[in-house]
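Written out below as structure tokens is the structure these notes cover.
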Protein chains: 6
Amino acid sequence: MRPSGRNLSDLRAISIEPGVVKHAEGSCLIRMGDTQVICTASIEERTPPFLRNTGLGWVTAEYGMLPRATNTRNRREAASGKQTGRTVEIQRLIGRSLRAGIDRSALGERQITVDCDVIQADGGTRCAAITGGWVALRLAVNKLLKAGDVVSDPVVDHVAAISCGIYAGQPVVDLDYAEDSVAGVDGNFIMLGSGRLVEVQMSAEGATFSRGEMGQLMDLAEAGCAELVAAQRAAL
Amino acid sequence: MRPSGRNLSDLRAISIEPGVVKHAEGSCLIRMGDTQVICTASIEERTPPFLRNTGLGWVTAEYGMLPRATNTRNRREAASGKQTGRTVEIQRLIGRSLRAGIDRSALGERQITVDCDVIQADGGTRCAAITGGWVALRLAVNKLLKAGDVVSDPVVDHVAAISCGIYAGQPVVDLDYAEDSVAGVDGNFIMLGSGRLVEVQMSAEGATFSRGEMGQLMDLAEAGCAELVAAQRAAL
Amino acid sequence: MRPSGRNLSDLRAISIEPGVVKHAEGSCLIRMGDTQVICTASIEERTPPFLRNTGLGWVTAEYGMLPRATNTRNRREAASGKQTGRTVEIQRLIGRSLRAGIDRSALGERQITVDCDVIQADGGTRCAAITGGWVALRLAVNKLLKAGDVVSDPVVDHVAAISCGIYAGQPVVDLDYAEDSVAGVDGNFIMLGSGRLVEVQMSAEGATFSRGEMGQLMDLAEAGCAELVAAQRAAL
Amino acid sequence: MRPSGRNLSDLRAISIEPGVVKHAEGSCLIRMGDTQVICTASIEERTPPFLRNTGLGWVTAEYGMLPRATNTRNRREAASGKQTGRTVEIQRLIGRSLRAGIDRSALGERQITVDCDVIQADGGTRCAAITGGWVALRLAVNKLLKAGDVVSDPVVDHVAAISCGIYAGQPVVDLDYAEDSVAGVDGNFIMLGSGRLVEVQMSAEGATFSRGEMGQLMDLAEAGCAELVAAQRAAL
Amino acid sequence: MRPSGRNLSDLRAISIEPGVVKHAEGSCLIRMGDTQVICTASIEERTPPFLRNTGLGWVTAEYGMLPRATNTRNRREAASGKQTGRTVEIQRLIGRSLRAGIDRSALGERQITVDCDVIQADGGTRCAAITGGWVALRLAVNKLLKAGDVVSDPVVDHVAAISCGIYAGQPVVDLDYAEDSVAGVDGNFIMLGSGRLVEVQMSAEGATFSRGEMGQLMDLAEAGCAELVAAQRAAL
Amino acid sequence: MRPSGRNLSDLRAISIEPGVVKHAEGSCLIRMGDTQVICTASIEERTPPFLRNTGLGWVTAEYGMLPRATNTRNRREAASGKQTGRTVEIQRLIGRSLRAGIDRSALGERQITVDCDVIQADGGTRCAAITGGWVALRLAVNKLLKAGDVVSDPVVDHVAAISCGIYAGQPVVDLDYAEDSVAGVDGNFIMLGSGRLVEVQMSAEGATFSRGEMGQLMDLAEAGCAELVAAQRAAL
């Protein structure tokens, strides 16, 4: 029933290639089917002004998409002079999610910026960005640990994200563009390796959903995130 | 236990005053405790370009806050030259939520813009904006119906929104600023009058939550939205 | 002869309600007929850079209009990314006018920002903003006096503003929108409680005026400002 | 008593050199003492959208200042990405003033843009821009008349502008920078060749003024504008 | 003598991988040593306004760099709200260069946009963008030819670009970052497959150069571009 | 053969009038035929952040054009809110070129900004800006020397710039607009008084050029720059 022939609970092929950008403290290329995102983590030895002298660090994220990552060319945000509302929303979500896996006190007064740039888009780019962004972050923190710049590990758990939605009346996981573009209900679940929830965003456009359906989607998400966490482990 | 002395499932005092702006096709002033939002609905006889010749209408929203609606003065967005990421996120949510209660085909090729401007903020402004915005929208559509500009009612159901969160380890509803500013987990539930879900946004900052807690929050939200729908009915 | 049936020298009904925004150091809602403006005064314990170490304080103002304060919806300035020339001109006028009633040395090195936001517009919004803004400013300074933060009163006199113009060949005061939109000559007079002039702005669009007419307009303005000062006194 | 040794009612040396920019339909370099402004008038055979199919033309103005026209270098507005409030205010004034001397129906559906660029500033730049801008406008309209593009002359009268203020307690005319920078009260009078008033802008910063003083300033302005109109005539 | 151990006239390893982005009409990943650029060509069936009804097509280019393509993180241009002067200069150069290899009449009234996004930077990114951009353009035009949308081939010749400079007193070709960052003289040569020159940009910062040195650099450039053209051929 | 009747190697009439803006530390009006540029040099006793505590000074440039400097009116960059790519490119070139003639260590930690504003354009404005900008810079440095603020002369040589191109198949120098607008190949040569090269920019639009033609253009440029340096000497 799914355009790709997948079962309702099947994720697409996952690939996480670490170390793809030589300059970054941490990096990976994550592929979820045809969705491809380059994630880099950059360490700066200073925090945003509101954290000065608190002993706490910060993790933030930025998101972008190459103009031709999509089926028709999108206007380059740098050329139009501003990030779209969609971009701003996504990068706030990525940063918030990754912070949930970090002990900011153990990190100390430094900032790690995770850049997620979509090279090719086929649905689920924000989830891929979170899952891959966590790997880049993990690698950057490893460098801090190895150099003795932090003593106790600030990474407290994995963070992974998966999309779910109702497609053709059925709950499905990891929607590709063909599904995403017609699903009346879809959203994202972000979870820790422990299975605890970090963020739930379920949204209807041209449809609504029942509490029972919400439960089915959460079942799919739990299984999906567990698979992603396993892929993160395998990549490191 | 709550700073306001309310029980875990108590909403604040709700007041919805319709017709507060004489120029608008629909308007109200909604108060949830000390949170006050002016909502207006403006009808335009044209749609955004992507809907031309589709026979479908559009409902969109814009959100703003007077600089001194908050405890310390915020910089005026018009002066800083751009809307913050928070503003953009909120107004996209309001528009999406209100569209869930509208039959866009019955509306016809016209656009209704719902402006939600916060006069005084004490937590929960986006939920108040949705609940009040629906009243303004309802009133504007009534005008179209009365004038015979639309024949069948495009408003298919009420839309109401309530915040929930975990405060001091307990699930609470309709957080005021004193609660909201320290809650590690909070979010918003948007529902139809029928109880079906339109949007769920639950987000953790400095904490995470279990699936069991998610269930408790949904229970609170269902009861809260029912009260709000009753208040909308009473105001009309 | 006037659309509202008023005499040439009649002001509209004036109402000034103090304390409408709980967070602000001073605030009021001023109504001149159907024109409604929320004015707040916010105190900051620092001045603009050009006043550092001079011992002098500063009073500045910002002006805005809700998108549907007018008969047809105006584009939100925060969304269009800049304040219009009209807005900039008005807020510079408000700030300059309010400073004329302040002893900046007695105020000391702090800044008071007066925000004037038009909720409903029916002509004369900038004048209402000045007259109401002065009340907000007076209340904020009262707080400083009461707290002992300033010793001698920095408010040296009332500041009030009224529009005048030539409508249908006759000099009239306090033009409403029906008059303002067709008057070939109109402008604003800002005066102290003492009757001394702070600012005169008389401008012709599609007409010109004689020195004799200028004198008649000043007569109207003097009487009008005296009434406004009385209303300010009554409100405090 | 005046820094320049002038009498209270003395203007500075006036020079208007027409035809300084070969590409423009009309142009002049106006000098008021050390203030120098290049004014050009550009004709376009289309009007702003709000005038389409009305048969009416439009005259508008833009104002700029070379970065080093002043004693210390000002940031280039093109580089900072926006025109200051002062610039916007001035160019709106120039446009409004010049329109007062034009029969927009006789002009027909075309627009004339008057650009006023200050090469060297020594006070009174906006007045010089209006007086010189009128000459550029007159020359451009002459071209239209000569070509038969307009039949009856759209220029109905001269427009000239002069600054006045209270300097060291005395009313003075045509303030240079040494006076302007310390005058507590100053402003601009714009008049037709007939002596009728187009615009009065009198403004106090750190002072106020009486109605009697207002009268004295108007006397000075009337004599000053008459001189400027004579200089315009001589230049053509 | 060169940090990389290369001879003065040695290029770095060249790799051009076509077809890396599935959505684009043409694409490649070009590597010049550690410099990596993704180039995509997007066809639109309309031209910029200035070409309407001329029968001529247009080729334009945009350039970007991922924030962590460089040794220290650069601010994302989409976030800062504008492209830097360097970016604007580069993308104008790429577009101009690629147009030199195109018969715009044979292309017909359509536009091809070549996006060049630097994934990893190690000197010479603009040259890699031109050389790789030409491959993407060639592939996109092949699609037009195959579909019969154009009849005669609009690609008239190869376009390739190489940097040259004076490093440690010696003329060198294809500078990497270690050389580029200290070279007092450097620049770029863009050539056709025929060897004719399209663009020469030689620029000194903190040094100057003689006409004899200019000749030596041109010798290096000619040999280098010939190698690049061979690599383009091999990739197709 | 040239529209102006000049020989292939003839420059237009050159005029450099120093001291045209009284406020600037150095200034001149340069005319190359009908091209007229006002150049001013402004000294600031501070450098950009990246030079703090290095002992080195900085020379930078900004470029602008009055809206009606050209045959049809250009939109004012201050009004459109950004400088065009062309402007940015030109001002970067001017700054880079002028720095080639300066010993930044002898200048000390101060910045000189050279503003080049085109009053009337007829081709070759960027070259005129460099040649005239150098005169303004020279005059400003003279002031520093006279005041004893610098001890050894930071100006190490003249900097002059000339355009060359291929017009109607012939190499020509100092192209006016009639030539420039149709030349398929053109560019700019910037040289020191010693004849050493500072910058070469040769660019083809709709044509290409051979290495032999490049040599002919350099011959023309050498002779042209020598004439410009002589004119600079004469003006001082």
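List of remarks:
- Scanning the range E:73-87 for residues that are over 22 Å from the mean Cα position of the chain (by Cα), more than 8 Å from every other protein chain (Cβ to nearest Cβ) and closer than 22 Å to A:Glu25 by Cα returns a single hit, E:Arg75.
- With respect to the conditions (1) more than 11 Å from chain F (Cβ to nearest Cβ); (2) buried (at least 20 other Cβ atoms within 10 Å of the Cβ), D:Ala106 lacks only one, and its number is (2).
- The lone exception for E:Ala128 - which of (1) surrounded by 23 or more Cβ atoms within 10 Å (Cβ to Cβ); (2) at the interface with another protein chain (Cβ under 10 Å from one of its Cβ atoms) it fails: (2)
- You will find that of A:Gly133, A:Gly123, the residue that is at pLDDT 95 or above, of a type in the set (Gly, Ala, Ser), on the phi > 0 side of the Ramachandran plot and open to solvent by less than 20 Å² (accessible area, probe 1.4 Å) is A:Gly123 and no other.
- Residue in the range A:109-119 that is crowded, with 19+ Cβ neighbours inside 10 Å and in contact with a Pro (Cβ under 7 Å, 6 or more places away or on another chain) present: yes
- Of the residues making up the range D:159-177, just one is open to solvent by 20 Å² or more (accessible area, probe 1.4 Å) and under 20 Å from the mean Cα position of the chain (by Cα), namely D:Tyr177.
- Going through (1) in a loop (DSSP other than H, G, I, E, B); (2) within 20 Å of A:Ser27 (Cα to Cα) one by one, E:Leu29 falls short only on (1).
- Whichever residue in the range F:10-48 is closer than 19 Å to F:Ala226 by Cβ and touching a helix residue (DSSP H, G or I) at 6+ places or on another chain (Cβ under 6 Å) and, among such residues, is most open to solvent (accessible area, probe 1.4 Å): F:Ile14
- Subset of the range A:92-103 (residues that are open to solvent by 10 Å² or more (accessible area, probe 1.4 Å) and either under 23 Å from A:Ser194 (Cβ atoms) or of a type in the set (Phe, Trp, Tyr) (or both)): A:Arg96, A:Arg99, A:Ala100, A:Ile102, A:Asp103
- Selection within the range C:141-150: residues that are among the aliphatic types (A, V, I, L, M) and free of Cβ contacts under 8 Å to residues at least 12 places away in the same chain. The member of this set that is surrounded by the most Cβ atoms within 10 Å (Cβ to Cβ) is C:Leu145.
- Pair list, Cβ under 7 Å, 6 or more apart: the range C:193-214 residue under 26 Å from D:Val59 (Cβ atoms), other residue open to solvent by 40 Å² or more (accessible area, probe 1.4 Å): C:Ser203/C:Asp186; C:Thr208/D:Arg196; C:Phe209/D:Arg196; C:Ser210/D:Arg196
- Answer residue from the range F:49-60, given it is open to solvent by 10 Å² or more (accessible area, probe 1.4 Å) and not aliphatic (A, V, I, L, M) and is farthest from F:Ile94 (Cα to Cα) among those: F:Asn53
- Candidates are the residues of the range C:50-72 that are among the hydroxyl-bearing types (Ser, Thr, Tyr) and over 13 Å from the mean Cα position of the chain (by Cα); the one that is farthest from B:Lys22 (Cα to Cα) is C:Thr54.
- Checked against the criterion of being touching a Gly at 6+ places or on another chain (Cβ under 7 Å), among the charged types (D, E, K, R) and in a loop (DSSP other than H, G, I, E, B), the candidates E:Asp186, E:Asp157, E:Asp153, E:Asp149 yield just one match: E:Asp157.
- Qualifying positions in the range B:224-236 - more than 20 Å from B:Ala168 (Cβ to Cβ) and either aromatic (Phe, Trp, Tyr) or in a helix (DSSP H, G or I) (or both): B:Cys225, B:Ala226, B:Glu227, B:Leu228, B:Val229, B:Ala230, B:Ala231, B:Gln232, B:Arg233, B:Ala234, B:Ala235
- C:Leu220 meets the conditions (1) over 30 Å from D:Glu222 (Cα atoms); (2) open to solvent by less than 50 Å² (accessible area, probe 1.4 Å) in every case but one. The failed one is (1).
- Taking the criterion of being basic (Lys, Arg) and either out of contact with any strand residue (DSSP E or B) (no Cβ under 8 Å at 6 or more places or on another chain) or within 14 Å of chain B (Cβ to nearest Cβ) (or both), the residues of the range C:7-56 that qualify are C:Lys22, C:Arg31, C:Arg46, C:Arg52.
To keep it simple, each residue is scored yes or no on (1) within 17 Å of the chain's Cα centre (by Cα); (2) at pLDDT 95 or above; (3) surrounded by fewer than 19 Cβ atoms within 10 Å (Cβ to Cβ).
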site	(1), (2), (3)
F:Leu139	yes, yes, no
F:Asp153	no, yes, yes
F:Asn188	yes, yes, no
F:Gln201	yes, yes, no
F:Phe209	no, yes, no
F:Ala230	yes, yes, yes
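- Boolean, E:Ala226 is on the phi < 0 side of the Ramachandran plot and open to solvent by less than 40 Å² (accessible area, probe 1.4 Å): no
- Filtered residue count, the range F:61-91, keeping only those that are crowded, with 18+ Cβ neighbours inside 10 Å and not in a loop (DSSP other than H, G, I, E, B): 12
The values are calculated or read from the model by the stated rules, or taken from the named source; none is laboratory data. As the structure is a computational prediction, the values presented were derived from the model and not from experiment. No Cβ is skipped: glycine too gets one built from the backbone with ideal geometry, and neighbour counts run over all protein chains shown. The accessibility values were calculated without ligands, DNA or RNA, using every heavy atom of the protein model including side chains. Shrake-Rupley method; radii C 1.70, N 1.55, O 1.52, S 1.80 Å.
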